[in-house]
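Shown next, in structure tokens, is the structure this report addresses.
Read the figures in this text as sums done on the coordinates, not as results from a lab. It should be emphasised that the depicted structure is a prediction, and the values quoted were computed from it without experimental measurement. Using ideal geometry, Cβ is built from the backbone for each residue, glycine included, and neighbour counts are taken over all protein chains shown.
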Amino acid sequence: MNDYYSLLQAVLAYGYTVSDRTGTGTVALPGQSMQFDTRHSFPLITSRAIPYRSVFAELLGFLRGCTNVKQFNSLGTKIWDANANAPYWLNNPNNKGDGDLGRIYGAQWRGWKAGAGEVDQVADCLRLLRAGAGNRRALFHAWNPAELDQMALPPCHLLYQFHRYSAGEGKDDLCLTVYIRSNDLGLGAPFNIASAAAMLRLFGDLT
């Protein structure tokens, strides 16, 4: 967890203050990174309480392509309740009502609209990973400029790229790089780290 705590210290020491859309204000230090070795441990931050069941439930919802808050509730998480009931989304003409969240993460991952059809980015990513090591196109993302106004919340953790490489002795390792455009390091980052680690483990099992 040293990378996480070092990043917190760096932001407080070298970050700069900027205004944001929420009016809360932000201390920012763009371009930073963290690395976690998940081969023998799981990176669950312990300096704050992490609702790990909610982490896994939300990830499952994304992978299932869920776009309604009731679907997330049924999986065991209320993490999207506030977004579903936010005034800006309730007043959005693209909101279909009754818990609709719009074209959020899962919709983009599993059903990116392309002409008259859809692209299942997750399935394509798994197919490339199963084909062997060395492919640099095994990725999926949720930043769809054409549909940002159709989302209860534009994606923060927006791109996932996997790398499968030979570890020798007939074994392959799998790495995951996640790009996050906007991240609350105290509140959101521990949740995002756990979710990414769970996804890496799942994709490792599937490939």
* To do: Could you work out how far apart the two model spin labels at residue 127 and residue 156 are, taking each label as a point 7 Å from the Cα in the direction of the beta carbon, and quote it in nm?
  => 3.3
* Computed FRET value (nearest 0.05) for residue 118 with residue 17, which takes r as the C-beta separation and R₀ as 41 Å -> 0.45
* Percent breakdown of C-alpha pair distances by 10 Å bin, ordered from the shortest bin, for region 96-207 -> 13, 40, 33, 12, 2, 0
* **Rounded if a/c under 1.5, otherwise prolate or oblate - the chain, Cα gyration tensor axes** => oblate
* Using amide H atoms built 1.01 Å from N in the peptide plane, name the residues 5+ places from residue 112, or on other chains, whose amide H lies under 5 Å from its own. => 119, 121
* **Sequence ranges 130-143, 85-98, 193-206, ranked by mean other-Cβ count within 10 angstrom, highest first** => 193-206, 130-143, 85-98
* Provide the convex hull volume over Cα atoms per residue for region 155-207, in Å³. => 80
* To do: Indicate the helices, whole DSSP H runs only, in the chain that combine a mean Kyte-Doolittle hydropathy of 0.0 or more with a Cα extent along their long axis of 18 angstrom or more.
  => 188-206
* Paramagnetic reach from residue 26 (point 7 Å along Cα→Cβ, amide N under 18 Å) across region 60-81 -> none
* **Amide H partners (placed H, <5 Å) of residue 151, local residues excluded** => 103
* To do: Starting from the amide H of residue 15, placed 1.01 Å from N in the peptide plane, find each other amide H under 5 Å away whose residue is 5 or more places distant or on another chain.
  => none
* To do: Report the full-extension gain for the segment residue 171 to residue 35: residue separation times 0.36 nm, less the Cα-Cα distance, to one decimal in nm.
  => 46.8 nm
